[in-house]
Amino acid sequence: MNLTAGRRGARAARADGRDGADAGGGAGAVVEPGARMPVLPPDHTQAILETTKEIAALLKNSGCPFALVGSVAAYAYGIPVRLQHDTDFALRREDADTVTELLRENGVLVVDPPEDWLVKARSGGEEIDLIFSLAGRPVTTELLERAWTLPVDSVHMPVIDPTDLMISRLTALSEHHCDFGPLLPVARGLRERVTWERVREETADRPMAVAFLYLLELLDVIPPAGGAGTGAAPGVAGAGTAQGEPGAATGQARPAGGGGPER
């Protein structure tokens, strides 16, 4: 490395008001001129949670069924995910006009994107996706009725059923986007609450999903196909959570009849 040039790069970074960590990924780092600066994605966890609570309160007032989905749903189930991008809610397509009008009336910026399966919104500097189709599958009343009511940063709201959450994440995998890394902690954290046989049945035509499920078998996260439907090993406390039983990992209760919006 050219140390003289590196020092010039570091001095230039300081002149721009950046400290050593921003300039080169660590204090005292030396950076070659023209080198691409590594940028870590910001952690928006608390800001996203505040936006999630705000939008959930409005959705409850709309009277339309909904469920929290995506990474924030995994967070609600106790998975240690880092929230970085947005908060996602599943809605029926027929409720879109009612919901978007209510959001606009409450100062939420609503944008109609070119995609026909969601509406985008923005509040408090954070992005919101209102989704009518999960990985090409329409959001139905039945899916929303299966939602669990869970506290999200102290505010209770319907959260997509663990099995439906895994199915939606797996069916989103493709040859162009197939990153198993973020899925592994979700699968491990939810395994006693997921009906893995239904996951297998509904993703059998998705090669990437089949490969991921096989990986889970090799890692002893779930039993081989044909084993216990919940994926829990024999003797695991809390396995097979039926409605009204506590969640195995978090102790959160699933209300009888599924968790719909509180009205």
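Cβ neighbours within 10 Å, averaged per peptide: list 116-129, 212-225 in order, most packed at the top. Spell out each step's value before the answer.
Details: 116-129: 17.4, 212-225: 15.4.
With the highest mean Cβ count within 10 Å placed first, the list reads 116-129, 212-225.
Scoring 75-82, 131-138 by mean Cβ neighbours within 10 Å over their residues and listing the highest first yields 75-82, 131-138. Highest mean first, the peptides 168-174, 155-161 sorted by other C-beta atoms within 10 Å per residue fall in the order 155-161, 168-174.
By its C-alpha gyration tensor, with a ≥ b ≥ c as the square roots of the eigenvalues, how is the stretch 151-234 shaped: rounded for a/c under 1.5, else prolate for a/b larger than b/c, else oblate? Verdict is oblate for the stretch 151-234.
Distances between placed amide hydrogens fall under 5 Å for LEU150 paired with MET157, VAL159, all partners being 5 or more residues away or on another chain.
Which shape class, rounded, prolate or oblate, goes with the stretch 174-222 when its Cα gyration tensor gives a ≥ b ≥ c as root eigenvalues, a/c under 1.5 marks rounded, and past that a/b bigger than b/c marks prolate?
oblate
Calculated accessible area for the stretch 48-171 comes out at 39 Å² per residue, all protein chains present (probe 1.4 Å; ligands, DNA, RNA ignored). Of the accessible area of the stretch 161-209, computed with a 1.4 Å probe over protein heavy atoms only, carbon and sulfur atoms account for 51 percent.
The values are calculated or read from the model by the stated rules, or taken from the named source; none is laboratory data. Here the structure is a predicted model, which is why all the values come from computation and not from measurement. Neighbour counts run over all protein chains shown; Cβ positions are idealised from the backbone, glycine included. Keep in mind that these areas ignore ligands, DNA and RNA; they rest on the heavy atoms of the full protein, side chains included. Shrake-Rupley method; radii C 1.70, N 1.55, O 1.52, S 1.80 Å.
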